[in-house]
Amino acid sequence: MAKLAILGGVPVWSGGWPAWPETRPETLDHLRAVLDSGRWAVSGAWTGQETWDRRFNARFADYVGVGHCFTVDHGSSALLAALLALDIGPGDEVIVPGLTWVACASAVLRVGAVPVLVDIDADTLCIDPVAIEAALTERTRCILVVHLYSCMADIDRVGAIAERRGLAVIEDCAQAHGAEWRGRRAGSFGHIAAFSMQQGKVLTSGEGGAVLTDEPALADRLERLRTDGRRYGAGVRRPGRPDLEEIAGLQGVNLCLSEFQAALLCDGLDRLDAQTEARALSAAWLDRTLRTRGWIEPTLPYPGNDRRAYYHYAVRVIPAVARRVPVVRLCAALTAELGIWVHGPYPPLPRHPLFAPDTLTALPRIAAARPDLPVAEDQSARTILLHHAVLLADDIQIARIADAFDKVFDNLAALAGPA
Ligand SMILES: *Cc1c(COP(=O)(O)O)cnc(C)c1O
C-alpha cells in the first residue's frame, strides 16, 4: 500500500493545476483600453465612449434574464444595497441559511435588522424550506436565499412561501453565476439578486459585485443607493462633464466599481459559459466515479436545478469515516496528495468565529439567536470542498483526484493514528 504524502510518501499528483484568476491576452487588452480611455470611474467625465460599467450591466442583465443590473464594489455591498432598497431595517427579521458565508448575516446586521438563522437541506446544503416555515414570525420581512457551492436552493418552494406571506426574496448568487433552474438563470427569481465577483468566484474582477432586479422601482433605488444618490443622466452627455445626474430624495453611498474592474468583468463574461460547461463535465465524472466508492456522497441537486455552477465541488464522507478520521485531517491528506487546497465548509453561522453581532456597538443592540442547526452541523463535519479552478484541469488531472480519494481511504488506519 502506497504511503500517504502527508506521512512522507510520494504524492499522487505534483504537476500543478489551472491558475485562478486566469489572465489571457484579451484580459490585458481590456485593462489597457481603460488605462488609455481617460475614464477610470463611473463618476468620471463622459469621454464619448460608453462606460465599461454600463456595457457590463447591460450584458449581465441580459445574461441573467432581468431588466436591470448595477455593478457594486463587493458582494457584501450587493447584499447591503438589496436590503436598503427593500427598506429593511430595525424591527425586521430576515431569514438566512445557517451555512453560508458570514456576509449574509452581517449585511442584515448592518441595516439594523435581525438575521434569523435556519437549517439546511442535507442533499443540496442549501436552505431548508421547512425550516423557513418554522422560523417565520410577524416581523419576518425577507428571505435571503443562497445557492451554495454547486447547488441551487429550492427556489420554487422559497418563492411560494414568500408569495403566500408577502415577503421579499433576496437571491444571493455569489456562488451561482450561470446556474439554471428549469431553464431560467440564477438571479432571475428573487426580487433582487446579489452577486459577488471577488477573486475566488467564477466571474471575477478581484473585488466586485452586482445587484440585479426586474422591477423598475427597485432598479431606480438600487442605482441611486450605489452612487451617492446619483444616476446616469437621461439627457445629452457632454465630453468633459460627469454623466451622472444628481437626483434629490434618496440617501445613497458610493458602492461603485472602478472601470478597470468592470472591464475585467466583460472579459470574464466572454468565457463564463465555456468554463461552466468544462467544470460541469469534470464534476459529473467525479460524481459518477466517487459515488461507486461507497464512502463518498456527492451533493444531490434538486431536479429543477438543471444547470449547475460549480463555485466549489462538494462531497460528503459517510458518518462512519468522519467518526474515524476528522474531516480536517482527510482534507489535509488530500491537500498533500494533490497539491491543491482541499478544505471543509464554513462552520455553521451560529458558532462561526466571524459572526459577532454583540460587537456592533454603534448599531441598535440586536438579539441574534444562535440556534442549534443539526443538519448544518452534521454536513459541515463531513463535507470536503475543492475550488472550481481545479475542475478546469484536463481529464488526466481530474482522474488523479479520484486516485487521491482512493489512496486516502486505503490508508484510513494510518491517518486515524497519532498525528
Ligand atoms: C463571496 C460571498 C459573499 C460576499 O462577497 P464579497 O464580494 O466577498 O463581499 C456573499 N455571499 C456568498 C454566498 C459568498 O460566497
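For this structure, a couple of remarks:
- Just one of the listed residues (356, 278) is modelled with pLDDT under 95 and surrounded by fewer than 20 Cβ atoms within 10 Å (Cβ to Cβ), namely 356.
- Boolean, residue 81 is more than 16 Å from the ligand (Cβ to nearest atom) and either hydrophobic (A, V, I, L, M, F, W, C) or in contact with a Phe, Trp or Tyr (Cβ under 9 Å, 6 or more places away or on another chain) (or both): no
- Search result, residues across segment 1-23 that are β-branched (Val, Ile, Thr), in contact (Cβ under 8 Å) with a residue 12 or more places away in the chain and part of a loop (DSSP other than H, G, I, E, B): 12
- Test: residue in segment 369-377 that is of a type in the set (A, V, I, L, M) and at pLDDT below 95: yes
- In the set 146, 169, only one residue is within 11 Å of the ligand (Cβ to nearest atom), within 20 Å of the chain's Cα centre (by Cα), of a type outside the set (Gly, Ala, Ser) and under 19 Å from residue 75 (Cα atoms); that residue is 146.
- Residue count for segment 178-207 satisfying the condition of being over 12 Å from residue 60 (Cα atoms), within 11 Å of the ligand (Cβ to nearest atom) and under 12 Å from the mean Cα position of the chain (by Cα): 9.
- Candidates 91, 75, 48: the one that is under 23 Å from residue 250 (Cβ atoms), at pLDDT below 95 and either more than 16 Å from the ligand (Cβ to nearest atom) or crowded, with 19+ Cβ neighbours inside 10 Å (or both) is 91.
- Answer residue from segment 194-234, given it is among the aliphatic types (A, V, I, L, M) and either without any contact (Cβ under 8 Å) to a residue 12 or more places away in the chain or assigned to a helix (DSSP H, G or I) (or both) and is farthest from residue 23 (Cα to Cα) among those: 217
- The lone exception for residue 245 - which of (1) acidic (Asp, Glu); (2) part of a helix (DSSP H, G or I); (3) in contact with a Phe, Trp or Tyr (Cβ under 8 Å, 6 or more places away or on another chain) it fails: (2)
The values are calculated or read from the model by the stated rules, or taken from the named source; none is laboratory data. All values reported here derive from a predicted model rather than from experimental measurement. Neighbour counts run over all protein chains shown; Cβ positions are idealised from the backbone, glycine included.
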